[in-house]
Amino acid sequence: MLTVEWSSEFGWEKPHIKPFQNLSLHPASSVLHYGVELFEGLKAFRGVDNKIRVFRPDLNMERMNRSARRATLPSSLGVKKPSKALLLVILSPVGPYFSSGSFNPVSLWANPKYVRAWEGGTGDCKMGGNYGASLFAQCEAVEHGCQQVLWLYGKDHQITEVGTMNLFLYWINEDGEEELATPPLDGIILPGVTRQSILELARQWGEFRVTERYLTMGQLTAALEENRVKEMFGSGTACVVCPVSDILYKGKVLHIPTMENGPELTSRILSKLTDIQYGREESAWTVVLS
């Protein structure tokens, strides 16, 4: 096996021929040839009582099973289905992301020329190809002065996800109702563990309408013009929640008044979930490891 190491400091280094048995990954591995790869995101939290907890790992395992079924290698590729699988588990206790009690909002670049996922694809699975294919658009977002991509889909520019996060919109809807909305799980959206937790919490509170519905840029633009938007935020394992402040769409910056409105709901959700994750609040959603 020919191996050549590269680094930003030294560039390409001297090539070596090594027995492939000494490599951590077999050169005939399907992940290298066909991108058959899936993963999960699961954080470990060192709680206020010094115990290590994980948050809703059963949901991660359910999603991994769904992803694995979707990633099953077809025999038409001429490659046998793997008889073995490598499961790499990394548990890294982390501290609070926002220890100061405040967090910075992000700006988004919305351009329909790139899509994160499509009908019949693998957008609802946590597969590596979904993320690798998104990096070029992320670079273009940065070139336009934005921090993340707001992924759109379809001719009506449906709002799907933000960066690698699920998206929530807290607003006064077309019927004058206070509503927390997020796109539905239609095969394009990743079923996030944090997403599901937010929906369950908000429904338990029962203080406003909670829906999984399609949202378009046209609806968002109209709501902004009529001052009906309260907050917008992304959700995910890494950040828990991340407020949105601006969207660059069709050459115009749309300001989202998330921070001007507290952000009351975004902060409340962050506090509730981190209280559970760090053991300040007992919950069946956590599993104590030690």
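The values are calculated or read from the model by the stated rules, or taken from the named source; none is laboratory data. Keep in mind it's a predicted model, so treat the numbers as computed, not measured. With ideal geometry, Cβ positions are generated from the backbone for all residues, glycine too; neighbour counts draw on all protein chains shown.
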**Request:** Return yes or no: is residue 165 touching a strand residue (DSSP E or B) at 6+ places or on another chain (Cβ under 8 Å) and over 26 Å from residue 261 (Cα atoms)?
**Result:** no
**Request:** For region 3-11, indicate whether the set of residues that are surrounded by 11 or more Cβ atoms within 10 Å (Cβ to Cβ), touching a residue at least 24 places away in the same chain (Cβ under 8 Å) and over 30 Å from residue 282 (Cβ atoms) is non-empty.
**Result:** no
**Prompt:** On the given criteria, is residue 202 assigned to a helix (DSSP H, G or I), at pLDDT 95 or above and crowded, with 18+ Cβ neighbours inside 10 Å?
**Reply:** yes
**Prompt:** Is at least one residue of region 16-23 outside the structural domain of residue 272 (by TED's automatic domain parsing) and in contact with a Phe, Trp or Tyr (Cβ under 8 Å, 6 or more places away or on another chain)?
**Reply:** no
**Prompt:** So which residues in region 174-184 are surrounded by 16 or more Cβ atoms within 10 Å (Cβ to Cβ) and under 21 Å from the mean Cα position of the chain (by Cα), if there are any at all?
**Reply:** 180, 181, 182, 183
**Item:** Output for region 145-195, where each listed residue is under 19 Å from residue 208 (Cβ atoms), out of contact with any Leu (no Cβ under 9 Å at 6 or more places or on another chain) and part of a strand (DSSP E or B)
**Value:** 172, 178
**Request:** List every residue pair whose Cβ atoms lie under 6 Å apart, where the two residues are 6 or more positions apart in sequence or sit on different chains, the first residue falls within region 183-200 and is assigned by TED's automatic domain parsing to the domain that holds residue 170, and the second residue, located anywhere, is of a type in the set (A, V, I, L, M) and assigned to a loop (DSSP other than H, G, I, E, B).
**Result:** 183/189; 188/117; 191/185
**Asked** Does at least one position in region 212-235 carry a residue that is closer than 18 Å to residue 273 by Cα and either among the β-branched types (Val, Ile, Thr) or surrounded by fewer than 23 Cβ atoms within 10 Å (Cβ to Cβ) (or both)?
**Response** no
